[in-house]
There are 4 protein chains.
Amino acid sequence: MQKLDSSILKTVITPRPQESFKGTFGKILLVGGNHQFGGAIIMASTASVYSGTGLVTVATDPINSSAIHSQLPEAMVIDFNDTKAVAQLTEKVDTIVIGPGLGEEVESKAILENVFQHTNEHQVVVIDGSAITLMARDHIAQPKGHIIYTPHQMEWQRLSGIKIADQTETVNRKVRDELNATVILKKHHTEIYTDTKVYQLPIGSAAQAVGGMGDTLAGMVGGFTAQFRKNITNAALAATYAHSAIADEIAEQQYVVLPHQISHALPGFMKKISLMGQNHTIGFHN
Amino acid sequence: MQKLDSSILKTVITPRPQESFKGTFGKILLVGGNHQFGGAIIMASTASVYSGTGLVTVATDPINSSAIHSQLPEAMVIDFNDTKAVAQLTEKVDTIVIGPGLGEEVESKAILENVFQHTNEHQVVVIDGSAITLMARDHIAQPKGHIIYTPHQMEWQRLSGIKIADQTETVNRKVRDELNATVILKKHHTEIYTDTKVYQLPIGSAAQAVGGMGDTLAGMVGGFTAQFRKNITNAALAATYAHSAIADEIAEQQYVVLPHQISHALPGFMKKISLMGQNHTIGFHN
Amino acid sequence: MQKLDSSILKTVITPRPQESFKGTFGKILLVGGNHQFGGAIIMASTASVYSGTGLVTVATDPINSSAIHSQLPEAMVIDFNDTKAVAQLTEKVDTIVIGPGLGEEVESKAILENVFQHTNEHQVVVIDGSAITLMARDHIAQPKGHIIYTPHQMEWQRLSGIKIADQTETVNRKVRDELNATVILKKHHTEIYTDTKVYQLPIGSAAQAVGGMGDTLAGMVGGFTAQFRKNITNAALAATYAHSAIADEIAEQQYVVLPHQISHALPGFMKKISLMGQNHTIGFHN
Amino acid sequence: MQKLDSSILKTVITPRPQESFKGTFGKILLVGGNHQFGGAIIMASTASVYSGTGLVTVATDPINSSAIHSQLPEAMVIDFNDTKAVAQLTEKVDTIVIGPGLGEEVESKAILENVFQHTNEHQVVVIDGSAITLMARDHIAQPKGHIIYTPHQMEWQRLSGIKIADQTETVNRKVRDELNATVILKKHHTEIYTDTKVYQLPIGSAAQAVGGMGDTLAGMVGGFTAQFRKNITNAALAATYAHSAIADEIAEQQYVVLPHQISHALPGFMKKISLMGQNHTIGFHN
C-alpha cells in the first residue's frame, strides 16, 4: 500500500482552459435525499457546486427542493420519483452520484434501479451510502460506467462480503478486481483501491468524524470526475486528498469540522493548487 | 468591433441624488423559475436587489417562494400563473427580466405570452434563457419596449438562425438591426451589439463557466437599466462590464466564482466606482 | 422643527440591568406578511430580534413560516388567520407592530380589526405600511395604546388627508394632535412628530432608498419600545436615529444598503453606544 | 454552594482520539418544535451539531423540515408524530433532548409519553421547556436514564412545587435528591444541582436574556453528554460553563447575543480549550 501524497492535487487541479463554457466543466446528476435524509444530498450537491462542476442537477424528494434552493441556487432540482426525467438526465450527464440520503425503502430501490438502467460506459458513477447497502441487500447488478464506490467499512462488508476485521489489502483488492471499480474505503486513514494500485490517505483527523462528512466526499468525487475527465482515477484521488487536506486546515482552528465548511473552502483551496503549477512543491506536511 | 473598457462604469454608476425615494431607483419584475429551475430566478433576483433597484418583484412558481424569502427578504413574490397579477405588474414596472429558469413547457409559453402582451415602449425588456428559446421555437413576436437579449451562442443560433460557426460580427449585426434590439452574446469574450456599435468584453475568465452565471448577468442588466435610465444602452454595457470585473476580482482568490458571490460584491464594487467621479482613471487592467 | 441629534442614542441605549431575564426586555408581536409580501415581515422581525427584544412572535401567512425559521430561529410564528391565538397574544405583549407586508385584501382587514380590538392603553402599537392604508381606506378607528405611525408621504396623505405638497410642519402637527400619536414621517430627512416636539432627522442617505428599509425601521421602533419602556417617545426617536446612523456607516463602503444589513449591525452598534455612558460625546458628525 | 470555574472545561473537552469514527462521538435525538415554536428545536439542534456530536436527528413537526435543512444539512429529520420511528430511534441513541418548542398540546403530550416509554438507564435524557411543564401538569413519571432538567425558575416551580421566592439551595437540593437527577436551574447566576454538589455559575450576563438562549443550552448539554460520556455530570457542567463563557466573549462586542451565534462559535472555542491540555491555566477571569 502506497501513501497518497499531495502531488496528486497539482496533477489534477490545473488552470482552466480559457476557451471554454460551462459544458466544458461537466454535467453532474446527484440522486438521493429522501424525506428523512435531505441534508445528505444537500451536502453532496454543495460539494459538487463549489468544486466547479459546470452544471449540477439534484434528483431528490420534492420536500428538499426549497432547502436546496435556499442555500444553493446554483443547483437545479428534479423529483427523484419522476422516472422519465431522471432517466433522461441520467443519460446526458458526465457523472452520476447516487446514494447520499437515498434511504433503503421500496421507493429508494426503484429510484436506484431506474438510474442504473440508464448509465453508459462513458460515464462515471459514484455509488455511496444507502445505494451500496441496497445493491448488497437486494443483489442489484453493478451498472455500466466507470464505477467508484465510497463505502465506510460496514458498507464495504455488505458489498464485498468481507467482515470488517478481515478487510486486509489483499482480500479487499481481490474483490475490487472482481468489481472492476475504484473503491474509496472510508476509515481512519482511508484506503483507495484502483485498477493498478492501493493508496492510503495519510492525512485527516477525528475532527472529521461527524455526520455528513462522507456525503461531502461523494459530492467532491463527483465534482472532480465530472470536471477533470482526462484521468478519472486521478480525479477521484485528488478529491479524496483535497477533502482531508481542507479539513486539516480548518481543524487547526476548530474542534470539529462541519462538512459544509469544506465545500465552502474549495474554491480558495483549488485556486492555490492551480497556481502552484507543475514545478513547485506543495506545503502540506506529509 | 470595439473593446469595451472600464470607463463605461463611471459614466453610469454615479452618486445617487439625495432628493430621492425608492421609486427613484426603479421598479423591476423578474419572471422565471419553474419547479425545476428555481435557482435561476433566485440568482437573477439577487443580482437585481444587490444592484440597488428600488423595488424588486419576482413572478415565479409558488414552490420557489420560501427559498426566495429565505435569502432575499428584500424581494416580493407573486405566482407566475396568476395571469391578472402578472399583467398588472408588468404594466407598472420600469424593467422586465424574463427567462431565467422559465422552462419550455406549455405553462412557460403562456406566461411569456401574457407578459409580452403587456409591455410598452417606455420599458426595458431583458429576454434571457428559455424565453429566447421559446420565442424561436414558437415564432413568438418580439414585445414592445427597449429589448435586450442575453443569449449564449446556441440560443442566439435559435433566435437569429445563424449557426454558431457563422456568428460573425457582420451577420450578427444584420440580424440585430432587424430586431432593433441590444444583443449581449455571451461567450468567451462576450460581444454586445447595440444600435450603433459592437463591443467586445476583454475581461472575464473560465472561472465564470458555471451554471447561474448568465442568470446573474440578466438580473444585473435588469437592475442597472431599471435604475440608470438616462441611457439604457450604457446601463446594459456597464452591467456586463461590472459582472466580469467583479468575477475577475473574486477569481484572484478562487478557482471558480459562484454566481451569487458576484451579486453580494455589487454594493461594494459600485461604491468604489461612484467615488471615482468623472476625473479619475479606474484601476482595472485593460 | 428641531434637529434630532445623536445624544438620543445614549439616553436610551444604556447598559442592561444584570438582575434580569428575557421578560425584562419585552415581548413583541409583529403582524404582517401575506402570500406576496412575506419579506416585509421577515425584515421587520429580524430588526426586532437583533434589537434585543426578549421574546419575538410573528403572526403571518403560514407560507412564510419556513423562510422565517430558516434565517431567524429566534422568532416564534403563528398563523395570522388564527383569530383566537392572535387575540390572546395581542393582549399579552408590550409592543405590537402591524402592517409590514400585511396587504390590503379582505383578509388583511379582518386581521387588522382583530388585533385592534385587543390592544390596551399600556401597550405600544406601531402602525406601518398597509395597516395605515387600510385604516384610511376603510375608516378604521385608531386602537387603544401608545400609537406610533410610520408612514411614508403617500401613506400620510391617505391617513391625514393632507396632500404631499401641503405636508408642512404646522398642518402635520395639527393632525398629529388630533390623533394623539407619534408620527414618524419617512422621507428625505424624515420628520418625527411627538406630543411636544417636531424633530428632523439630519442623517441618512439615498443609499437607503430600497424596498424593505421602512419595514426594518418599523421592526426597530417595535424592538426599542418593547425593550426601553421608560420613555416610549425617546425609544422611538432612538430607533429612528440608529436606523440611519447604521445605514450611514454601511454606506461608506456600499452603494446601497440592504435592509437586513442594518439589523445585523444592530448588536455591535448598540454595544458601542451603551459603552459611551452619559458623559461622552458621540462621534457621529451632525 | 460552590462557584463553577473554568477548569471544568479542560477536564471535559480533551483532544479527540484519532482511532475513531462518527459513532465514537455519540448519537443524539432532539424532540420538539411544533408548528409555532420550530425555531427552538432548530437552535437546540444547531448547538448539538456544532458541539461535534457524531450523528444528530431531529424529531419535529414536518413543517420545520425545510427550515432545518436550509441551515443545518448536517442534521437528519423525522416526523415527531411517527410513533414507531421515534420509538426506534429513542432506543438507539446515547442522548435524548426533549422539550424545546414541543408545546403543551395533546399532541405534545403523546410525543413526550412515547419517548419516555423507550428510554433506558444507559442513556442521558435532557428535559427542557414545555417537557418539564407537561410532566408537572399531567403528573408524568420521570423516564429511565441519567436525567438532566434544564428549567428556568417558573418551570422549576411547576416541577418541584417550590415557589420561586422559596427556591433556596436547601429545598432545591431536597427535591433534586428525590428526583435523583441533575438540575440546571437557569437564572441570573444559574445553579447546577448534581448528586454530590451544588454549583453556581459566576459568568454570563444580561446580553443573554433573549428567547432561544435556553434552547441553545439544552442542545449543548445534549451534545456534550452524547460525546463526552466518561462523566455525564462533568459534561453537563462543561456545557453550561462554555455556553456563558462564549456569550461573554461575544458580549464584549455586542449589546445582545443571538443564541445561534454561540453555537457557531463552539468549534473554535472548543479547539482553544482542547489545546490547553491539563497543565495550563485558562485565561477566563473568574
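If you scan segment C:125-147, which residues turn out to be part of a helix (DSSP H, G or I) and open to solvent by 20 Å² or more (accessible area, probe 1.4 Å)? Matches in segment C:125-147: C:Ala136, C:Arg137, C:Asp138. The single residue among B:Thr216, B:Thr190, B:Thr182 that is touching a residue at least 40 places away in the same chain (Cβ under 8 Å), within 14 Å of chain A (Cβ to nearest Cβ), over 30 Å from C:Gln261 (Cα atoms) and buried (at least 21 other Cβ atoms within 10 Å of the Cβ) turns out to be B:Thr190. Exactly one residue out of B:Tyr193, B:Tyr241, B:Tyr255 is closer than 28 Å to B:Gly161 by Cβ and not aliphatic (A, V, I, L, M), and it is B:Tyr193. For segment D:66-88, the tally of residues that are assigned to a helix (DSSP H, G or I) and surrounded by fewer than 24 Cβ atoms within 10 Å (Cβ to Cβ) stands at 7.
Taking each residue of segment A:94-118 that is free of Cβ contacts under 8 Å to residues at least 12 places away in the same chain and looking for partners that are among the charged types (D, E, K, R) and open to solvent by 50 Å² or more (accessible area, probe 1.4 Å) with beta-carbon atoms closer than 9 Å, six or more apart or interchain, yields nothing.
For segment D:248-266, a residue qualifies if it is closer than 16 Å to C:Leu72 by Cβ, at the interface with another protein chain (Cβ under 7 Å from one of its Cβ atoms) and open to solvent by less than 30 Å² (accessible area, probe 1.4 Å), and the qualifying residues are D:Val256, D:Leu258, D:Pro259.
Among the residues here, D:Glu91 qualifies as open to solvent by 10 Å² or more (accessible area, probe 1.4 Å), part of a helix (DSSP H, G or I), at pLDDT 95 or above and away from chain C (no Cβ under 14 Å). Of the residues contained in segment D:250-258, none is found to be of a type in the set (A, V, I, L, M) and farther than 27 Å from C:Ala242 by Cβ.
Filtering segment B:3-16 to residues that are open to solvent by 70 Å² or more (accessible area, probe 1.4 Å) and either among the basic types (Lys, Arg) or within 14 Å of chain A (Cβ to nearest Cβ) (or both) leaves only B:Lys3.
Of the set (1) at the interface with chain B (Cβ under 10 Å from one of its Cβ atoms); (2) closer than 17 Å to D:Met76 by Cβ; (3) of a type in the set (D, E, K, R), all apply to A:Glu105 but (1). Taking segment B:17-31, which residues are more than 14 Å from B:Met76 (Cα to Cα) and either surrounded by 24 or more Cβ atoms within 10 Å (Cβ to Cβ) or at pLDDT 95 or above (or both)? Matches in segment B:17-31: B:Phe25, B:Gly26. No other residue among D:Ile41, D:Ile63 is at the interface with chain C (Cβ under 10 Å from one of its Cβ atoms), in contact with a Ser or Thr (Cβ under 8 Å, 6 or more places away or on another chain) and open to solvent by 30 Å² or more (accessible area, probe 1.4 Å) apart from D:Ile63. Does B:Glu74 fit the bill of being at the interface with chain C (Cβ under 8 Å from one of its Cβ atoms), touching a His at 6+ places or on another chain (Cβ under 9 Å) and free of Cβ contacts under 8 Å to residues at least 40 places away in the same chain? In short, yes. The numbered conditions (1) open to solvent by less than 10 Å² (accessible area, probe 1.4 Å); (2) closer than 18 Å to C:Ile184 by Cβ; (3) within 14 Å of chain B (Cβ to nearest Cβ) are all true for C:Ala235 except (3).
Could you tell me which numbered condition A:Pro202 fails, if it satisfies all but one of (1) open to solvent by less than 50 Å² (accessible area, probe 1.4 Å); (2) under 16 Å from the mean Cα position of the chain (by Cα)? Failing condition for A:Pro202: (2). Residues in segment C:107-154 that are more than 30 Å from B:Ser20 (Cβ to Cβ) and among the small types (Gly, Ala, Ser): C:Ala110, C:Ala141, C:Gly145.
Taking the stated definitions as given, is D:Thr150 without any contact (Cβ under 8 Å) to a residue 40 or more places away in the chain, open to solvent by less than 20 Å² (accessible area, probe 1.4 Å) and not hydrophobic (A, V, I, L, M, F, W, C)? So D:Thr150 does not fit the description; no. May I ask you to verify whether B:Val56 is facing chain C (nearest Cβ under 8 Å), in a helix (DSSP H, G or I) and either within 27 Å of B:Ser244 (Cβ to Cβ) or acidic (Asp, Glu) (or both)? Considered against the rule, which asks whether it is facing chain C (nearest Cβ under 8 Å), in a helix (DSSP H, G or I) and either within 27 Å of B:Ser244 (Cβ to Cβ) or acidic (Asp, Glu) (or both), B:Val56 comes out as no.
The values are calculated or read from the model by the stated rules, or taken from the named source; none is laboratory data. Source: prediction; values computed, not measured. Note: ideal-geometry Cβ built from the backbone for every residue, glycine included; neighbour counts use all protein chains shown. Keep in mind that these areas ignore ligands, DNA and RNA; they rest on the heavy atoms of the full protein, side chains included. Shrake-Rupley method; radii C 1.70, N 1.55, O 1.52, S 1.80 Å.
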